[in-house]
Amino acid sequence: MTKNVTLIYGDGIGPEVIRSVVDIIEFLGCDINFDTQIAGLESVKKYDKPINDKLIESIRENKVALKGPVTTPVGRGFRSVNVGLRQEFNLYANVRPVKNFEGLKCRYENVDLVVMRENTEGLYSGVERKEGEEKAVSERIITKKASEDIARYAFEYARKENRKKITALHKANILKLTDRIFLDAVESVAGEYKDIELEEMIIDAACMNIVMHPEKYDILLATNLFGDIISDLCAGLIGGLGLTTGANIGKDAAIFEAVHGSAPDIAGTNSANPTACILAASDMLGYLGLKEECTKIKRAIEDIFKDGKTLTKDLGGNCGTKEFTREVIARLK
Ligand code: NAI
């Protein structure tokens, strides 16, 4: 049966990396009908808002979306499309696996962890106000319900994926009320999963420990902002943002995307690494039940890195986005 998927090209390097994904999926002959929608700057121009009604309706109907990165103006302008969509569809679990690729040289070996980030509240709740000209306040909203939801997702994921330990990252020594609620929720859910170890670590010490000994970590569970920062840090452990993918999962919808942003510094130069987005698409195919196609794509990427001859600029090579895509297609078997 044909599967309908909402497709958002995004901006910056978005159209380049999403084009790569669409070429691969078309080559595989997956029975997918892409419903292309716009978001962010393009949507503001057409509809006067970054998230338009057609986009919302499309995701509500299809329940699955593949999304390219979307630029968010810094310190002014509209709110993040990513944050908005995650809240709109209660995509409470942001799942970002970080694993070394065999053959790909980087600072560390044996990194195999997953960043599991609460995706709907915390400091990204969007409750921010000016108090006079020289003061502004952001509210960090932490609820028992959202904390329990992400904790349960993490423990269930650990069981399913045969992972042994969850490290909950917090700053409860300073953020005594909010992070106490988070930790209480995590601890109460952990009580139902005696087979999985729970460890708690203050976020600043965790940053140092992860950089020194990433091999000691399995699942990192965090509130929204800490999870956002730590997942870029973890991407750096295995070779950078061009490689890491992230799924936004809710009970009624899921949006698959790369961890990276729109990379305006390299947009339009055919030098973006499409791997992260290709892997996001592969995860999406798995989610849709197209397991064989999901595996084929992952194997093709792994083969390329094992060979080490076809690398994009971020990984020290000189292969362009289009050429890399052609190589992936050539290796789909
Ligand atoms: P960024 O992730 O776009 O770029 C950071 C650095 O990594 C840049 O040097 C960039 O060239 C490099 N990079 C990122 N992806 C790459 C790829 N696939 N291949 C090769 N190099 C890559 O982060 P930045 O610059 O902080 O944000 C740019 C814009 O993206 C902002 O407006 C931000 O709000 C937005 N953003 C959007 C996200 C999304 O749509 N999911 C996620 C993160 C940021």
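The table that follows gives values for the structure above.
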item: Residue ID - surrounded by the fewest Cβ atoms within 10 Å (Cβ to Cβ), chosen from residues in region 241-262 that are within 12 Å of the ligand (Cβ to nearest atom) and more than 16 Å from THR275 (Cβ to Cβ); result: SER262
item: Residues being more than 16 Å from the ligand (Cβ to nearest atom) and either surrounded by 17 or more Cβ atoms within 10 Å (Cβ to Cβ) or charged (D, E, K, R) (or both) - total across region 98-108; result: 5
item: Candidate set from region 1-27 (those that are outside any helix (DSSP H, G or I) and among the polar types (S, T, N, Q)); member that is nearest to GLN37 (Cα to Cα); result: THR6
item: Conditions (1) at pLDDT 95 or above; (2) surrounded by fewer than 18 Cβ atoms within 10 Å (Cβ to Cβ); (3) within 26 Å of LEU243 (Cα to Cα); number of the one not met by PRO73; result: (1)
item: Of residues in region 265-292 being surrounded by fewer than 22 Cβ atoms within 10 Å (Cβ to Cβ) and in contact (Cβ under 8 Å) with a residue 40 or more places away in the chain, the one farthest from the ligand (Cβ to nearest atom); result: LEU290
item: Odd one out for ILE304 among (1) touching a Gly at 6+ places or on another chain (Cβ under 7 Å); (2) assigned to a helix (DSSP H, G or I); (3) of a type outside the set (Gly, Ala, Ser); result: (1)
item: Residue in region 303-310 that is more than 15 Å from the ligand (Cβ to nearest atom), modelled with pLDDT of 95 or more, of a type in the set (Lys, Arg) and closer than 24 Å to VAL64 by Cα present; result: no
item: Region 39-58: number of residues that are within 28 Å of ILE266 (Cβ to Cβ) and touching a strand residue (DSSP E or B) at 6+ places or on another chain (Cβ under 7 Å); result: 2
item: Among (1) without any contact (Cβ under 8 Å) to a residue 24 or more places away in the chain; (2) within 12 Å of the ligand (Cβ to nearest atom) - the single one PHE78 does not satisfy; result: (1)
item: Strands (runs of 3 or more DSSP E) within region 40-151 that include 2 or more residues basic (Lys, Arg), farther than 24 Å from HIS260 by Cβ and over 21 Å from the mean Cα position of the chain (by Cα); result: 128-130
item: Hey, LYS67 among the basic types (Lys, Arg) and more than 16 Å from the ligand (Cβ to nearest atom) or not; result: no
item: So ILE238, is it within 11 Å of LEU66 (Cα to Cα) and crowded, with 20+ Cβ neighbours inside 10 Å; result: no
item: Residue within region 170-186 that is closer than 22 Å to ARG86 by Cα, without any contact (Cβ under 8 Å) to a residue 40 or more places away in the chain, in contact with a strand residue (DSSP E or B) (Cβ under 6 Å, 6 or more places away or on another chain) and not basic (Lys, Arg) present; result: yes
item: Inter-residue pairs, beta-carbon under 7 Å, first under 17 Å from ILE181 (Cα atoms) and in region 120-146, second of a type in the set (Lys, Arg), 6+ apart; result: THR120/ARG86; GLY122/ARG140; LEU123/ARG140
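The values are calculated or read from the model by the stated rules, or taken from the named source; none is laboratory data. What you see is a predicted model, and the numbers here were worked out from it, not measured in a lab. Quick reminder, even Gly has a Cβ in these numbers, built from the backbone with ideal geometry, and neighbours come from all protein chains shown.
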